[in-house]
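Participant: There's a structure below that I have some questions on.
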Amino acid sequence: VIYKAHKTRRIVLVGHVLRYTPFFKKLKELIDTKIIGKIIGIEHKENIGFFHFAHSFVRGNWRNSETSSPSILAKSCHDLDILYWLIGARCKYLTSFGELTFFKMENQPKGASHRCLKCPESIEKNCPYSAKKIYLTDYTGWPVSTISLDLSYKGRLKSLEEGPYGRCVFKSDNNVVDHQIVNMVFENNVKVTFTMSAFTDTITRRIRIFGTMGEIKGEFSKGEIVVIRFADNKRDLYDLKVYSPESGHGGGDKGIIDHLVKVLNNEREVDYSIIDDSAYSHFMAFAAEHSRLSNGKVISVEV
């Protein structure tokens, strides 16, 4: 695709929407202004959320790497891309560890059914991953909206009786990891630790950026960034919360469309998420998975 795009002089944009969010655009601006000096390291966490992981990566479309892709690619290519973009250099080498620890048959409670609707009440009521708890309330927004075209109670009930979203999370055909860490060294010597985990109460991304003159802390779901300067302990707070109806992916969905329209109208150059950059972050994800499957072998990330 890259070769064809270059040969035909065509633009290919990839939906790495985090680059278009007010939150990450502000982080990029702060880093580039060197407000905290030279960047030494970054700690980045992707908190998937327990119910989100159960929905998408245990019962849903991305549950099996044979029919989809490893979760480090399906879920975290956005994070690897944003790290690459924020740092402004390519990854030199990385190592990764992770596994599917919890969502497998040996962890199913004794006496539990293969489907939540048939599970004994004494077991189901104590299970946070119960399909009844996630899909059969008055709420019909995401992720409930994805399980059936008929979102009436009867329609949802039928979907849970017959489809994959009614399965016990311990009796599905899932094989993707539920937690993974990636340690990276970039060409400008910035060190990064990335953690992806299913076992969080909220869906968010948290980042800490360590500089020679200060530190930046941020939480994506809240739209909050705090800049701390070592010299005077001054703290600057940025509120970048995006509210509905423009809140999809923290404003990134609207941001990428606005960017595309301006590019098509020749109002600006393409400077975000071009195919070359997006392909590289995918390459990082494949390298991380190769390392994980090789017991944490250090992988040189060269294209």
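Read-outs throughout are calculated quantities, based only on the coordinates presented, and are distinct from any laboratory measurement. Quick caveat, the model's predicted, so the values are computed rather than measured. Note that each Cβ is placed from the backbone with ideal geometry, even for glycine, and that neighbours are counted across all protein chains shown.
Participant: Of all chymotrypsin sites (Phe, Trp or Tyr not before Pro) in the stretch 120-154, which ones are in loop regions per DSSP and have a Cβ with at most 14 other Cβ atoms within 10 Å? Present the calculation step by step, with values, prior to reporting the outcome.
Facilitator: Details: sites: Tyr129, Tyr135, Tyr139, Tyr153; in loops: Tyr129, Tyr139.
Answer by residue number: Tyr139.
Participant: Now for a separate question. Along each principal axis of its Cα atoms, how long is the stretch 101-215 end to end? Whole angstroms, biggest number first, please.
Facilitator: 58, 32, 23
Participant: Just to be sure I understand the model, the point goes 7 Å from the Cα along the line to the Cβ. What's the resulting His290 to Thr67 distance in nm?
Facilitator: With each label placed 7 Å out from Cα toward Cβ, I get 2.8 nm.
Participant: Right, next: Calculate how large, on average over all directions, the projected area of the Cα convex hull of the chain is; give the answer in nm² to one decimal. It would help to have the intermediate numbers written out before the result.
Facilitator: Details: hull surface 73.8 nm².
One quarter of the hull surface, i.e. the mean projection, equals 18.4 nm².
Participant: Taking only DSSP H segments of four or more residues, each worth -39500 (n - 2.57), what value at 222 nm results for the chain once the sum is divided by all its residues, to the nearest 500 deg cm²/dmol?
Facilitator: Values: 10 runs with 88 residues, N = 303.
My calculation for the chain gives -8000 deg cm²/dmol from helical runs alone.
Participant: Got the relative contact order for the stretch 70-182 handy, in percent, Cα pairs under 8 Å and 6 or more residues apart? Walk me through the numbers before you get to the answer.
Facilitator: On the way: 106 pairs, mean separation 47.0, N = 113.
Value for the stretch 70-182: 42 percent.
Participant: In the structure displayed, which of Lys171/Lys297; Lys28/Lys254; Lys26/Lys133; Lys75/Lys133; Lys25/Lys191 lie more than 28 Å apart, Cα to Cα?
Facilitator: Details: Lys171/Lys297 31 Å; Lys28/Lys254 19 Å; Lys26/Lys133 37 Å; Lys75/Lys133 24 Å; Lys25/Lys191 21 Å.
From the list (Lys171/Lys297; Lys28/Lys254; Lys26/Lys133; Lys75/Lys133; Lys25/Lys191), the Cα-Cα distance tops 28 Å for Lys171/Lys297; Lys26/Lys133.
Participant: In whole Hz, with x marking every Gly and Pro, tabulate ³J(HN,Hα) for the stretch 151-168 from phi via Karplus 6.51 cos²θ - 1.76 cosθ + 1.60, θ = phi - 60°.
Facilitator: Each residue of the stretch 151-168 in turn: 9, 5, 4, 5, x, 5, 4, 4, 4, 6, 6, 10, x, x, 6, x, 6, 5 Hz.
Participant: Among bridges DSSP assigns within the chain, what percent are antiparallel (round to 5)?
Facilitator: Working: 43 of 50 bridges.
The antiparallel proportion sits near 85 percent.
Participant: Where in the stretch 1-41 are there trypsin sites (Lys or Arg not before Pro) that are in a DSSP coil and have at most 10 other Cβ atoms within 10 angstrom of their Cβ?
Facilitator: Details: sites: Lys4, Lys7, Arg9, Arg10, Arg19, Lys25, Lys26, Lys28, Lys34, Lys38; in loops: Arg9, Arg10, Lys34, Lys38.
Those satisfying the criteria are Arg9, Arg10.
Participant: If you put +1 on each Lys and Arg Cβ and -1 on each Asp and Glu Cβ, how big is the dipole of the chain around its Cα centre, in Debye rounded to 20?
Facilitator: Details: 43 positive and 35 negative charges, 39 e Å.
Dipole about the Cα centre, nearest 20: 180 debye.
Participant: Can you work out ³J(HN,Hα) from phi for every residue in the stretch 73-88, in order, using Karplus 6.51 cos²θ - 1.76 cosθ + 1.60 and θ = phi - 60°, giving whole Hz and x for Gly and Pro?
Facilitator: Result, ordered by residue: 8, 4, 9, 10, 4, 4, 6, 5, 5, 5, 5, 4, 5, 4, 6, x Hz.
Participant: Order of Asp253, Asp178 from fewest to most other C-beta atoms within 10 Å?
Facilitator: Working: Asp253 17, Asp178 23.
Starting with the residue having the fewest Cβ neighbours, the order is Asp253, Asp178.
Participant: Still on this structure, please answer the following. I'd like the per residue volume of the convex hull spanned by the Cα atoms of the stretch 105-166, given in cubic angstrom. All intermediate terms of the calculation are to be shown ahead of the outcome.
Facilitator: Values: hull volume 5.5 nm³, N = 62.
Given the Cα convex hull of the stretch 105-166, per-residue volume reads 88 Å³.
Participant: At R0 = 45 Å, how high is the FRET efficiency between Thr8 and Leu151 if r is their beta carbon distance? Nearest 0.05 is fine. Walk me through the numbers on the way to the answer.
Facilitator: Working: r = 43 Å, r/R0 = 0.96.
Between Thr8 and Leu151 the formula returns 0.55.
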